[in-house]
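The values are calculated or read from the model by the stated rules, or taken from the named source; none is laboratory data. A quick note: this is a predicted structure, and the numbers were derived from the prediction, not measured. Here the Cβ positions follow ideal geometry from the backbone for every residue, glycine too, while neighbour counts run over all protein chains shown.
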Amino acid sequence: MIDNIAPFVWASHNSDLYNSSFLVNLSSWDNLDNTTPIYYTLNGSDPLVGGVLYDTPLNISNTTTLKFYTRDSAGHMSSVFTCNYIFGKVGNLNSGRGYGRIQDAIDDASTVDGNLIKVSAGLYQENIIVNKTLNFIADNSIVKSVNPGRAVIRVTSKGNASFIYGFNIINSTMGVVLDNTSNVSLLFNSFHNVVNSIVVEGEDNLISGNKITSDYLMDMVGIKIIESKNLIIYNNTICLNSNSNSTCILSESVLSDGLSISYNTITNLNHGKSIALSLLGSNVNVEYNKVFNVNVGVYVIDLNNSFIAHNTLFENIDGIFIRNSINNTYCSNNIYENDYYGVILATGSICINDSFYLNRLCNDECYDFYSKSNSIFVIDEIGGDMNVLMFLLIVMF
């Protein structure tokens, strides 16, 4: 039988952070040979030159770079594999170096774009600047600002396409700032007692799976959008305990375009306080969000060519509050049991070419739909289905 398949080799432990000694077993597979010899080094050198024949498990008790390969009887060789075992609080899993601080790992000349930085459990008091394209994975790592006026983590444009996962950020003025970045992913982090948890400016960024909570704090903002294009805010949980000057998701600029805000759960432990979604911009999609126990569920300040649909807004003061709305679609929202109004058009509001259909509005305390505006707002019947409204009041001034 002709042997034209190279063997394969693997280690029992992958590159990672470790805090106690362990044994590494090396194994191989070949399609013809029952066993193939494995050669290794423990100092990061090339095992093809001077590799030691593996015959017993390797004891790893300090930071070690293991390299190894195997060769079958036909002379076919596997790839050379590298495992970096790092004994330290922070480690670069690509370079194999360990550090005491997160910023030290970033600043090290051996850390280059595309590297993976792992952060172990513990408290880190730092103001971190990410100015390289890096991937961060935190394992129950708690971070707070050492300088109250600066962000805990600031990602600059040099850190475009970075990935930040799993940090617990606490007791700070600013949490994570995406400073004119693109393609940065902020995933499954938690923020507690952070006045401005996430501040974002740039394009094509992703904020998903994060959790924002607080004890009582004044003037909080969960996610602040300065000016962004094609930003995705997906499946986050925001539960504030704050006053009426707080906003859970705040879009500050009419220049923002292409925002997608969907499948988020938003509430305030202080009933009737804070605004859940405060919206400015164009081409904004707001879908499948669950909002309750706040002052205003969706506050449309200045929005155009946008789509607000399939949201559940209940037990707030008002469900949707509209000021300036042009060419927007409001459809299939479930709005009920709010203290005052399901939907309210403010005095002096400008509504042009909006469409409002297939919404369910019921059991709102005062009126399901209330208008103080002299704008024309079309409440449609689309495809034979229509809005369900229990109480409708139009007041023209």
Inset, instruction - Give GLY319, GLY272 a once-over and let me know the one that is out of contact with any Cys (no Cβ under 7 Å at 6 or more places or on another chain) and not in a strand (DSSP E or B). - result: GLY272
Inset, instruction - Answer yes if at least one residue in the stretch 113-131 is part of a strand (DSSP E or B), touching a Phe, Trp or Tyr at 6+ places or on another chain (Cβ under 6 Å) and surrounded by 22 or more Cβ atoms within 10 Å (Cβ to Cβ), and no otherwise. - result: yes
Inset, instruction - For the stretch 164-180, state whether one or more residues are in contact with a helix residue (DSSP H, G or I) (Cβ under 6 Å, 6 or more places away or on another chain), at pLDDT 95 or above and more than 30 Å from HIS271 (Cα to Cα). - result: yes
Legend entry - Leading residue by the ranking (nearest to ASN196 (Cα to Cα)) among those in the stretch 230-246 that are at pLDDT 95 or above, part of a strand (DSSP E or B) and aliphatic (A, V, I, L, M): ILE238
Inset, instruction - Determine which single condition LEU23 fails, assuming it passes every other condition in (1) touching a residue at least 60 places away in the same chain (Cβ under 8 Å); (2) more than 30 Å from VAL146 (Cβ to Cβ). - result: (1)
Legend entry - Residue check, SER15 surrounded by 19 or more Cβ atoms within 10 Å (Cβ to Cβ), within 13 Å of ASN84 (Cα to Cα) and small (Gly, Ala, Ser): yes
Legend entry - Residue list for the stretch 173-206, filter: within 21 Å of LEU217 (Cβ to Cβ), within 12 Å of the chain's Cα centre (by Cα) and not hydrophobic (A, V, I, L, M, F, W, C): ASN189, SER190, SER197
Inset, instruction - Can you confirm whether the stretch 304-323 contains a residue that is over 29 Å from the mean Cα position of the chain (by Cα), closer than 17 Å to SER282 by Cα and either surrounded by fewer than 18 Cβ atoms within 10 Å (Cβ to Cβ) or not small (Gly, Ala, Ser) (or both)? - result: yes
Legend entry - Residue satisfying all of: in the stretch 268-283; at pLDDT 95 or above and of a type in the set (Gly, Ala, Ser); farthest from SER325 (Cα to Cα) among these: ALA276
Inset, instruction - Restricting attention to the stretch 328-343, report how many residues are within 18 Å of CYS366 (Cβ to Cβ) and part of a strand (DSSP E or B). - result: 5
Inset, instruction - Inspect the stretch 218-228 for any residue being in contact with a Gly (Cβ under 7 Å, 6 or more places away or on another chain) and of a type outside the set (S, T, N, Q) and give the result as yes or no. - result: no
Inset, instruction - Determine whether ASN160 is modelled with pLDDT of 95 or more and on the phi > 0 side of the Ramachandran plot. - result: no
Inset, instruction - Determine the pairs where a residue that is over 11 Å from GLU315 (Cβ atoms), located within the stretch 329-345, has a partner that is part of a loop (DSSP other than H, G, I, E, B) and of a type in the set (A, V, I, L, M) with Cβ atoms under 6 Å apart, the partner being 6 or more residues away or on another chain. - result: CYS331/LEU358; SER332/LEU358; TYR340/ILE317
Inset, instruction - Please enumerate the residues belonging to the stretch 54-71 that are assigned to a loop (DSSP other than H, G, I, E, B) and either under 30 Å from GLY100 (Cα atoms) or modelled with pLDDT under 95 (or both). - result: PRO57, SER61, ASN62, THR63
Legend entry - Total residues in the stretch 33-53, condition exposed (fewer than 13 other Cβ atoms within 10 Å of the Cβ), outside any loop (DSSP other than H, G, I, E, B) and more than 43 Å from the chain's Cα centre (by Cα): 1
Inset, instruction - Kindly check whether there is at least one residue in the stretch 111-124 that is in contact (Cβ under 8 Å) with a residue 40 or more places away in the chain, aliphatic (A, V, I, L, M) and assigned by TED's automatic domain parsing to the domain that holds PHE22. - result: no
Inset, instruction - Could you pull out the residue among VAL176, VAL199 that is touching a residue at least 40 places away in the same chain (Cβ under 8 Å), crowded, with 19+ Cβ neighbours inside 10 Å and within 19 Å of ASN127 (Cα to Cα)? - result: VAL199
Legend entry - Output for the stretch 94-105, where each listed residue is touching a Gly at 6+ places or on another chain (Cβ under 9 Å) and either in the same structural domain as ASP16 (by TED's automatic domain parsing) or within 17 Å of SER145 (Cα to Cα) (or both): GLY100
Legend entry - Test: residue in the stretch 88-107 that is in a helix (DSSP H, G or I), acidic (Asp, Glu) and under 24 Å from VAL130 (Cβ atoms): yes
Legend entry - Residue satisfying condition, being modelled with pLDDT under 95, of a type outside the set (S, T, N, Q) and farther than 30 Å from THR41 by Cβ, within set GLY122, GLY149: GLY149
Legend entry - Members of the stretch 25-60 that are of a type in the set (S, T, N, Q) and more than 20 Å from ILE86 (Cβ to Cβ): SER27, SER28, ASN31, ASN34, THR35, THR36, THR56
